[in-house]
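K.L.:
Got a structure for you, written out below as structure tokens; questions coming shortly.
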Amino acid sequence: MKSPILDNPFAQRIVCRMNRMILFVGFVTLLLFQTAWVVYTQTAKPPGPLRIEKVKGDLYMISGEGGNVAVDVTDDGVVLVDDMFDRNHADILARVKSVTDKPLKYVINTHQHDDHAGGAFKMLPIVEVIAHKNARANLADIKQPYYEDTPGTPIGLPRVTFSDELSVNLAGKEIRAKYFGRGHTNGDVVIYFPDLQVIHTGDLFLGRAADRGGAAQTRPPGVNIYVDYAQGGSFLEWTKTLDGILQLDFDTVIPGHGPVSTKADVAKFRMDLETMRNRLAGMVKEGKSKAEVLAVLETDYGWRSTGCPLTPPTAGCLQFQQSDAMMAELRK
């Protein structure tokens, strides 16, 4: 039996127009998706060269681009701390294979920034990814454009989270992930290898090359840190977090960036951070203008503000782009 609607010429024209509209919308959507993908693939950065070095025992460090990656080899498998950018995934796997044929078991992310956790999306199908609950929450509810370096890269949400401490045990070795409080973000954790007396700090501590003279020696004590206020960071609480870390029994440090360091380096970093922060807080409470504070940050501490856009998050400009939030916290 025919539908009376389809027998109506006017209704037939309406249906025909609707079908054409649906096809047109579908075509446009597909075209936009393809265009976005082409733009992304054409503008995506190629991976930089990586290197791997032994830190102590069966613990290695991969460096060269993004945050430092720790590689802990056990008889039952491998644990990674951080996984750099999405573009580094294949090279990281190759570096791991250069020192062991054991399979990957776990990735523990120190925090959620893409230079440390950007490879999590590709890691999830092959290993268990672990992070602090706040790091996962920051990824799930981003308060600002997240990928400062790689816009458009898919985000991998960790399946395992914790609040204060979590342990991974493989082949009789224990690896502890510990949360001491806010600093760089509100989800930074330290990874502790107690049998080796080694820690991986993520960006709560940054290794510094030995001074070679020049301007660096003439500057007052300070550190080139980034407090990510959009993701829960705190300049005021950072030193307290470092105090907790310094209570651990360790002598060797894999920093978030920079060379392998020592416990004394972390203690010096903590003192320099406090000295710089107290000076800036004093300026803010004295009523100094934002321009005056930024001038000191550039001249005395090497932070960049000149020529920085207000948005989006830009490499080298991240401190400037959250300087209003920094000054608001330092007024407390």
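K.L.:
Every residue in region 219-251 that is among the hydroxyl-bearing types (Ser, Thr, Tyr) and open to solvent by 20 Å² or more (accessible area, probe 1.4 Å), please.
P.N.:
The initial filter retains those residues of region 219-251 that are among the hydroxyl-bearing types (Ser, Thr, Tyr), namely 226, 229, 234, 239, 241.
Those that are among the hydroxyl-bearing types (Ser, Thr, Tyr) and open to solvent by 20 Å² or more (accessible area, probe 1.4 Å): 226, 229.
K.L.:
Please state which one of 160, 189, 129, 168 is modelled with pLDDT of 95 or more, surrounded by fewer than 19 Cβ atoms within 10 Å (Cβ to Cβ) and either touching a Ser or Thr at 6+ places or on another chain (Cβ under 6 Å) or aliphatic (A, V, I, L, M) (or both).
P.N.:
Details: 189 fails: surrounded by fewer than 19 Cβ atoms within 10 Å (Cβ to Cβ); 129 fails: surrounded by fewer than 19 Cβ atoms within 10 Å (Cβ to Cβ); 168 fails: surrounded by fewer than 19 Cβ atoms within 10 Å (Cβ to Cβ).
Of the residues listed, the single one that is modelled with pLDDT of 95 or more, surrounded by fewer than 19 Cβ atoms within 10 Å (Cβ to Cβ) and either touching a Ser or Thr at 6+ places or on another chain (Cβ under 6 Å) or aliphatic (A, V, I, L, M) (or both) is 160.
K.L.:
Would you mind stating whether residue 311 is in contact (Cβ under 8 Å) with a residue 12 or more places away in the chain, exposed (fewer than 14 other Cβ atoms within 10 Å of the Cβ) and either in contact with a helix residue (DSSP H, G or I) (Cβ under 9 Å, 6 or more places away or on another chain) or part of a helix (DSSP H, G or I) (or both)? Talk me through it step by step, then tell me what you get.
P.N.:
Working: in contact (Cβ under 8 Å) with a residue 12 or more places away in the chain: yes; exposed (fewer than 14 other Cβ atoms within 10 Å of the Cβ): yes; either in contact with a helix residue (DSSP H, G or I) (Cβ under 9 Å, 6 or more places away or on another chain) or part of a helix (DSSP H, G or I) (or both): yes.
The answer is yes for residue 311.
K.L.:
For region 278-299, indicate whether the set of residues that are hydroxyl-bearing (Ser, Thr, Tyr), exposed (fewer than 14 other Cβ atoms within 10 Å of the Cβ) and in a helix (DSSP H, G or I) is non-empty. Break it down into steps so the answer makes sense when it comes.
P.N.:
Going through region 278-299, the residues hydroxyl-bearing (Ser, Thr, Tyr) turn out to be 289, 299.
Then keep just the ones that are exposed (fewer than 14 other Cβ atoms within 10 Å of the Cβ); that gives 289, 299.
Filter again for in a helix (DSSP H, G or I), leaving 299.
Among the residues of region 278-299, at least one is hydroxyl-bearing (Ser, Thr, Tyr), exposed (fewer than 14 other Cβ atoms within 10 Å of the Cβ) and in a helix (DSSP H, G or I), which makes the answer yes.
K.L.:
Among the residues that make up region 314-330, is at least one of them in contact with a helix residue (DSSP H, G or I) (Cβ under 9 Å, 6 or more places away or on another chain), β-branched (Val, Ile, Thr), open to solvent by 30 Å² or more (accessible area, probe 1.4 Å) and not in a helix (DSSP H, G or I)?
P.N.:
So far as region 314-330 goes, yes, one or more of its residues are in contact with a helix residue (DSSP H, G or I) (Cβ under 9 Å, 6 or more places away or on another chain), β-branched (Val, Ile, Thr), open to solvent by 30 Å² or more (accessible area, probe 1.4 Å) and not in a helix (DSSP H, G or I).
K.L.:
Checking the conditions here, which among 35, 29, 41 is open to solvent by 50 Å² or more (accessible area, probe 1.4 Å), out of contact with any Phe, Trp or Tyr (no Cβ under 6 Å at 6 or more places or on another chain), over 19 Å from residue 154 (Cα atoms) and modelled with pLDDT under 50? Explain how you work it out, then say what you get.
P.N.:
Values: 35 fails: over 19 Å from residue 154 (Cα atoms); 41 fails: over 19 Å from residue 154 (Cα atoms).
Being open to solvent by 50 Å² or more (accessible area, probe 1.4 Å), out of contact with any Phe, Trp or Tyr (no Cβ under 6 Å at 6 or more places or on another chain), over 19 Å from residue 154 (Cα atoms) and modelled with pLDDT under 50 holds for just one of 35, 29, 41, which is 29.
K.L.:
Can you pull out every residue in region 171-183 that is of a type in the set (D, E, K, R) and either under 24 Å from the mean Cα position of the chain (by Cα) or surrounded by fewer than 16 Cβ atoms within 10 Å (Cβ to Cβ) (or both)?
P.N.:
Let us first name the residues in region 171-183 that are of a type in the set (D, E, K, R), namely 173-174, 176, 178, 182.
Answer for region 171-183, where residues must be of a type in the set (D, E, K, R) and either under 24 Å from the mean Cα position of the chain (by Cα) or surrounded by fewer than 16 Cβ atoms within 10 Å (Cβ to Cβ) (or both): 174, 176, 178, 182.
K.L.:
Take the conditions touching a Phe, Trp or Tyr at 6+ places or on another chain (Cβ under 6 Å), part of a loop (DSSP other than H, G, I, E, B) and either at pLDDT 95 or above or surrounded by fewer than 20 Cβ atoms within 10 Å (Cβ to Cβ) (or both) and apply them to residue 213. Does it pass? Write out each step before concluding.
P.N.:
Working: touching a Phe, Trp or Tyr at 6+ places or on another chain (Cβ under 6 Å): no; part of a loop (DSSP other than H, G, I, E, B): yes; either at pLDDT 95 or above or surrounded by fewer than 20 Cβ atoms within 10 Å (Cβ to Cβ) (or both): yes.
No; evaluated as a whole, the condition is false for this residue.
K.L.:
Go through region 87-139 residue by residue and tally those that are farther than 14 Å from residue 185 by Cα and not in a helix (DSSP H, G or I).
P.N.:
20
K.L.:
Suppose we filter region 66-81 for residues that are open to solvent by 10 Å² or more (accessible area, probe 1.4 Å) and in contact with a helix residue (DSSP H, G or I) (Cβ under 8 Å, 6 or more places away or on another chain); how many remain?
P.N.:
1
K.L.:
Determine which single condition residue 275 fails, assuming it passes every other condition in (1) out of contact with any Pro (no Cβ under 8 Å at 6 or more places or on another chain); (2) polar (S, T, N, Q); (3) more than 18 Å from residue 135 (Cβ to Cβ).
P.N.:
With respect to (1) out of contact with any Pro (no Cβ under 8 Å at 6 or more places or on another chain); (2) polar (S, T, N, Q); (3) more than 18 Å from residue 135 (Cβ to Cβ), residue 275 is out only on (1).
K.L.:
Next question, about the same structure. Given the criteria farther than 20 Å from residue 234 by Cα, modelled with pLDDT of 95 or more and among the aromatic types (Phe, Trp, Tyr), does residue 106 qualify?
P.N.:
Numbers: farther than 20 Å from residue 234 by Cα: yes; modelled with pLDDT of 95 or more: yes; among the aromatic types (Phe, Trp, Tyr): yes.
Yes.
K.L.:
Under 8 Å by Cβ, and 6 or more places apart or on different chains, what pairs join a residue from region 48-63 that is farther than 18 Å from residue 116 by Cβ with one that is of a type in the set (S, T, N, Q) and part of a strand (DSSP E or B)?
P.N.:
Taking only residues 6 or more apart or on different chains, the pairs are 53/63; 56/252; 58/74.
K.L.:
Out of (1) more than 27 Å from residue 182 (Cβ to Cβ); (2) in contact with a helix residue (DSSP H, G or I) (Cβ under 7 Å, 6 or more places away or on another chain), the odd one out for residue 118 is which?
P.N.:
Here residue 118 clears every test but (1).
The values are calculated or read from the model by the stated rules, or taken from the named source; none is laboratory data. Small disclaimer: the values here were computed from a predicted structure and weren't measured. Using ideal geometry, Cβ is built from the backbone for each residue, glycine included, and neighbour counts are taken over all protein chains shown. Note: accessible area is taken over every heavy atom of the protein model, side chains too, but ligands, DNA and RNA are not part of it. Shrake-Rupley method; radii C 1.70, N 1.55, O 1.52, S 1.80 Å.
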